[in-house]
Amino acid sequence: MRLRRAHTTHTKEKFAERGRPSRERANRVTGALDPGAISRDFDALMCDLDGVVYRGDSLIEGAPEAIRRLRERGVKVIFCTNNSRSTVNEYVAKLAGFGIDALDDDVLTSGVVTSEVLAAQGYPGKTAIVIGDRGVRDALTSIGVVLNDDAASIAAEAVVVGWDVNFDYSTMRRVSSAVRNGAKLFATNRDSTFPAPEGLWPGAGAILASIEVASGHTAEIVGKPHPPMMEAVARRMSGARRIAAVGDRADSDLAGAVSMGWATILVLSGVTTRSEAGDLRPAPDLVVDSLADLG
Ligand SMILES: [Mg+2]
């Protein structure tokens, strides 16, 4: 068990503010956390995927066992990813391949939440240009959005930006023109990078930045830490008494949790290094090497 608590005084004050029983506060202040402390504190957990459960196609050691232990203690786990590349079914299959059982309702992607946002804003039956893979494309077509894939056309009422390995200058030029022509700009997320086995790769936020600059418009963002995704997670956790979020990114996973009043757990198995973790403000409630340290 390698627990590392960040910024004791700040954490002490934060937990005191949340009115936790004095015995629990005392445990945290002295650092006397035991292996079950987290799961006794929380009965629902928003669990990021990339950098937490796996890194690319590589499982993070001990993650399936940790998920199993948390569930055995009654913690409801919702897997939540800003990555819009894959469909929910594909994520369920990927998790199963790692020995982690999940139902469709246990997995929330930014692609699915993007389709919920566009449905709520009346886009079914309207046309969108989509930068992104099947996760967001399938979700949008499932609610009746018509995708314009004609590279010579900028006709669209919406432009949706996600991560796309085929993104290039001509696509940037096309969608920027569509936005300047009146299409509303949405983005699955603003993550600048994501963890690949060999290092950090540019994320959807890097693609989006070029389009915002070129079009002169700012996107409505769906994914963590923005309200559409956070509220979608909260709806899946209705009835929970206390919620925690575990993730590897401060500016998405942890910021989203803070905005909802949830506790924050940072893992060092993804994009954030130990030295970077020490500089975070607000400090995470807990910093652990990996998910294996929970449960
Ligand atoms: Mg992550």
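For the reader, a short list of remarks on this structure follows.
- On inspection, Val222 does not qualify as in contact with a strand residue (DSSP E or B) (Cβ under 9 Å, 6 or more places away or on another chain), farther than 19 Å from Gly132 by Cα, surrounded by 15 or more Cβ atoms within 10 Å (Cβ to Cβ) and aliphatic (A, V, I, L, M).
- Residue that is surrounded by the most Cβ atoms within 10 Å (Cβ to Cβ) [pool: residues in region 132-182 that are closer than 30 Å to Leu108 by Cβ and among the aromatic types (Phe, Trp, Tyr)]: Trp163
- Among all residues of region 244-251, there is at least one that is modelled with pLDDT of 95 or more and farther than 19 Å from Arg55 by Cβ.
- Members of region 179-203 found to be part of a strand (DSSP E or B) and not β-branched (Val, Ile, Thr), listed by number: Lys184, Leu185, Phe186, Ala187, Phe194, Pro195, Ala196, Gly199, Leu200, Trp201, Pro202
- Arg249 being basic (Lys, Arg) and farther than 23 Å from Val161 by Cα: no
- Thr193 being within 16 Å of the ligand (Cβ to nearest atom), surrounded by fewer than 22 Cβ atoms within 10 Å (Cβ to Cβ), within 30 Å of Glu61 (Cα to Cα) and among the polar types (S, T, N, Q): yes
- The residues listed here are Leu3, Leu59; of these, the one that is among the hydrophobic types (A, V, I, L, M, F, W, C) and at pLDDT below 95 is Leu3.
- Some residue of region 269-286 being touching a residue at least 60 places away in the same chain (Cβ under 8 Å), assigned to a strand (DSSP E or B) and over 14 Å from the mean Cα position of the chain (by Cα): yes
- Residue within region 72-91 that is surrounded by fewer than 21 Cβ atoms within 10 Å (Cβ to Cβ), assigned to a helix (DSSP H, G or I) and among the hydroxyl-bearing types (Ser, Thr, Tyr) present: no
- Only listed residue being aliphatic (A, V, I, L, M) and either surrounded by fewer than 17 Cβ atoms within 10 Å (Cβ to Cβ) or away from the ligand (no atom under 16 Å from the Cβ) (or both), chosen from Ala244, Ala234, Ala277: Ala234
- Index of the failed condition, Ser269 passing every other in (1) within 16 Å of the ligand (Cβ to nearest atom); (2) out of contact with any helix residue (DSSP H, G or I) (no Cβ under 8 Å at 6 or more places or on another chain): (2)
- Of Ala119, Ala102, Ala128, Ala139, all but one fail to be in the same structural domain as Gly162 (by TED's automatic domain parsing) and not in a helix (DSSP H, G or I); the exception is Ala128.
- The residue that is farthest from the chain's Cα centre (by Cα), among those in region 193-218 that are touching a residue at least 24 places away in the same chain (Cβ under 8 Å) and closer than 18 Å to Asp48 by Cα, is Pro197.
- Selection from region 209-226 of residues that are outside any loop (DSSP other than H, G, I, E, B) and closer than 17 Å to Thr81 by Cβ: Ile221
- Among the conditions (1) free of Cβ contacts under 8 Å to residues at least 60 places away in the same chain; (2) within 20 Å of His226 (Cβ to Cβ); (3) not hydrophobic (A, V, I, L, M, F, W, C), Arg173 misses just one, which is (2).
The values are calculated or read from the model by the stated rules, or taken from the named source; none is laboratory data. In this text, all values refer to a predicted model and were calculated from it rather than measured experimentally. Ideal geometry is used to build each Cβ from the backbone, glycine not excepted, and the neighbour counts take in all protein chains shown.
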